[in-house]
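Read the figures in this text as sums done on the coordinates, not as results from a lab. Quantities reported herein were computed from a predicted structural model and do not represent experimental measurements. Reconstructed Cβ throughout: ideal geometry from the backbone, glycine too, with neighbour counts over all protein chains shown.
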Amino acid sequence: MRIYLIVFIVLITSCRQTDSDWIDRSKHEGLYDINYSESFETYCTEENPENLKNTLGNLEQAKEYFDKIFKEDLNFAVLFVDNKNWDKYAFAP
């Protein structure tokens, strides 16, 4: 859970680029696009991950809050990466 929160915070606090799609999707090759959220892209190292619904619900609430406070519609992706694939997929823009 802490890893997911760290990934989310890194994505939120990374450089701001107005009106651009800065997500490097080449980093997502090999991950499953799980489409569990309409607010942001979600990728996972497992095809059918379990126990992500609550985490994604919390992330959606956080995004809604920050978008409202900062008057922004931040475009980002959330990666759920298991330990053995961490070095391959974990990155910060």
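Restricting the search to segment 45-74, which residues are assigned to a loop (DSSP other than H, G, I, E, B), surrounded by fewer than 15 Cβ atoms within 10 Å (Cβ to Cβ) and touching an Asp or Glu at 6+ places or on another chain (Cβ under 8 Å)? Working first, answer last.
Within segment 45-74, the subset assigned to a loop (DSSP other than H, G, I, E, B) is 45-52, 71-74.
Checking the rest, the ones that are also surrounded by fewer than 15 Cβ atoms within 10 Å (Cβ to Cβ) come to 46-48, 50-51, 71-74.
Within segment 45-74, 46, 73, 74 meet the criteria.
Assigned to a helix (DSSP H, G or I) and surrounded by 12 or more Cβ atoms within 10 Å (Cβ to Cβ): is that true of residue 42 in this structure? Judged against the criteria, residue 42 is not a match.
Taking each residue of segment 1-12 that is over 16 Å from residue 40 (Cβ atoms) and looking for partners that are of a type in the set (Asp, Glu) with beta-carbon atoms closer than 9 Å, six or more apart or interchain, yields nothing.
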